[in-house]
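As structure tokens, the structure follows; a few thoughts come after it.
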Amino acid sequence: MVSISNAQDKFDLLIGTYTSGASTSKGIYVYTFDSKTGKLDYKNEVNGIENPSYLTISPNQKNVYAISESGGEGMVYSYDYDSSTGKLTFKNKESAGGQGPCYVSVDKTGSYVFTANYGSGSLAAVPALKDGSLGSSVQEIYNKGNVINGKEGPSRMHSVVISPDNKYLFAPNLGIDKIGVYHFDSNASSNPLTHAEPAFINMPSGSGPRHFIFHPNGKYAYVIQELDGGITSFDYKDGRLSPKQTVSILPAGFEGKFGAADIHISPDGRFLYGSNRIDINEIVIYSIDQNTGKLTFVARQSSLGKTPRNFVIDPTGNFLLVANQDTDDIIVFNRNPKTGLLTPTDISLKIGRPVCLKFVY
């Protein structure tokens, strides 16, 4: 469970955006968020990075890492972060280990940065040096696509998530309907990842596993499936996932187009939230049985915009913020800690193509 100082009620919110095309965004934005009122105030920004569509913050909160999502070879950028001013100072950039990176994370010691490369179906481990800059000895791991009718299909890596004990990395691959499992050695000077046993968790054909998250108690894990709209829950222990339940985020009888996207759990571990896009733009709410980890549907809430690719729960658990990519806005919702329900506030932020929200605390 997240530990927040009783005296702290303001947090920095980092916003990653798409900068290409007709977008009005120029890079990464920093706002101050007031967890008592839900108000957002501009603090700083950094330009000069194309499509910083996913961000992560180092454990010591002194560095921010951002992937640059473009059509060619992907890059990951390192910035020094000044929490007093919100200033991001560019340090260096390195290869993301593949094409079309869409996700970045960092291990709990701050020793390695991990990237998921959607375009090439690969993941990478990039060393983070003591000063927060990135090293050049990048480990690249590629997943082969499924062979159908004699032809290899696409491999689409979509997230990379470290285990609570920092010993395993989990990598959902939407293209092959599998979750890769890797041993991780934070003390390794290079090539810190090796295949675990089993090396993959097989998901239903056509499900499209996308984003993955652990429960705060470390005993349960969940993956949201972009292509079939499912959320699968697992028991977790020592690098092993045991699937036990799948629920659908789709309304009964829904026949339109959809694309399940993001998944988060409230800081107290009592509720899980998933987002959906295209013809149905909403956040779906589930309660979590604390004894089993199983999900029970609670409600669904419109995102009040189009394409909620990413959302975030503030560190106090009082608010949920949704980034609506295609309506160029961030909507602030009140969150009821007892019921899990969301209520729209009158607070929103206009910003071009927001696609990643991260709090610093």
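The values are calculated or read from the model by the stated rules, or taken from the named source; none is laboratory data. Here the structure is a predicted model, which means the values were calculated and not measured. Every residue, glycine among them, receives a Cβ derived from its backbone with ideal geometry; neighbour counts consider all protein chains shown. Keep in mind that these areas ignore ligands, DNA and RNA; they rest on the heavy atoms of the full protein, side chains included. Shrake-Rupley method; radii C 1.70, N 1.55, O 1.52, S 1.80 Å.
First check a/c for the range 267-361, with a ≥ b ≥ c the square roots of the eigenvalues of its C-alpha gyration tensor; if it is under 1.5, answer rounded, and if not, answer prolate when a/b is larger than b/c or oblate otherwise.
Note, shape of the range 267-361 comes out prolate.
Using a 1.4 Å probe and ignoring any ligands, DNA or RNA, find the accessible area of residue 309 and quote it in Å² to the nearest 10.
40
Hey, which lysines would be in cross-link range of residue 144, C-alpha to C-alpha under 22 Å, not counting anything within fewer than 8 residues on its own chain?
The qualifying lysines are 178.
Taking 0.36 nm per residue of separation and subtracting the Cα-Cα distance, what length does fully extending residue 339 through residue 73 add?
91.3 nm
Can you compute the label reach from residue 83? Point 7 Å from Cα along the Cβ direction, backbone N cut-off under 15 Å, restricted to the range 317-361.
In the range 317-361, the label zone of residue 83 (backbone N under 15 Å from the point 7 Å along Cα→Cβ) covers 359-361.
Mean separation of Cα pairs under 8 Å and 6+ residues apart, divided by the residue count of the range 181-222: what relative contact order is that in percent?
RCO, the range 181-222: 26 percent.
According to a simple spin-label model (label point 7 Å from Cα along Cα-to-Cβ), what is the distance in nm between residue 26 and residue 129?
Output for this residue pair reads 2.9 nm.
By how many nm would the segment from residue 136 to residue 245 grow when fully extended, if each residue of separation counts as 0.36 nm and the alpha-carbon distance is taken off?
35.1 nm
Rolling a 1.4 angstrom probe over the protein chains, ignoring ligands and nucleic acids, what is the accessible area of residue 176 in square angstrom, nearest 10?
10
So which chymotrypsin sites (Phe, Trp or Tyr not before Pro) in the range 165-263 end up in coil per DSSP with only 16 or fewer other C-beta atoms within 10 Å?
Sparse-neighbourhood loop chymotrypsin sites (Phe, Trp or Tyr not before Pro): 254.
Would you mind computing, in nm to one decimal, how far apart the modelled labels at residue 62 and residue 306 are, each placed 7 Å from Cα along Cα→Cβ?
Each label point is offset 7 Å from its Cα along the Cβ direction, giving 4.4 nm.
For residue 346 and residue 197, what does the FRET efficiency come to when R0 = 56 Å and r is the distance between their Cβ atoms, rounded to the nearest 0.05?
0.60
What nm distance separates the two modelled labels at residue 188 and residue 166, each placed 7 Å from Cα along Cα→Cβ?
Between residue 188 and residue 166, the simple spin-label model gives 1.6 nm.
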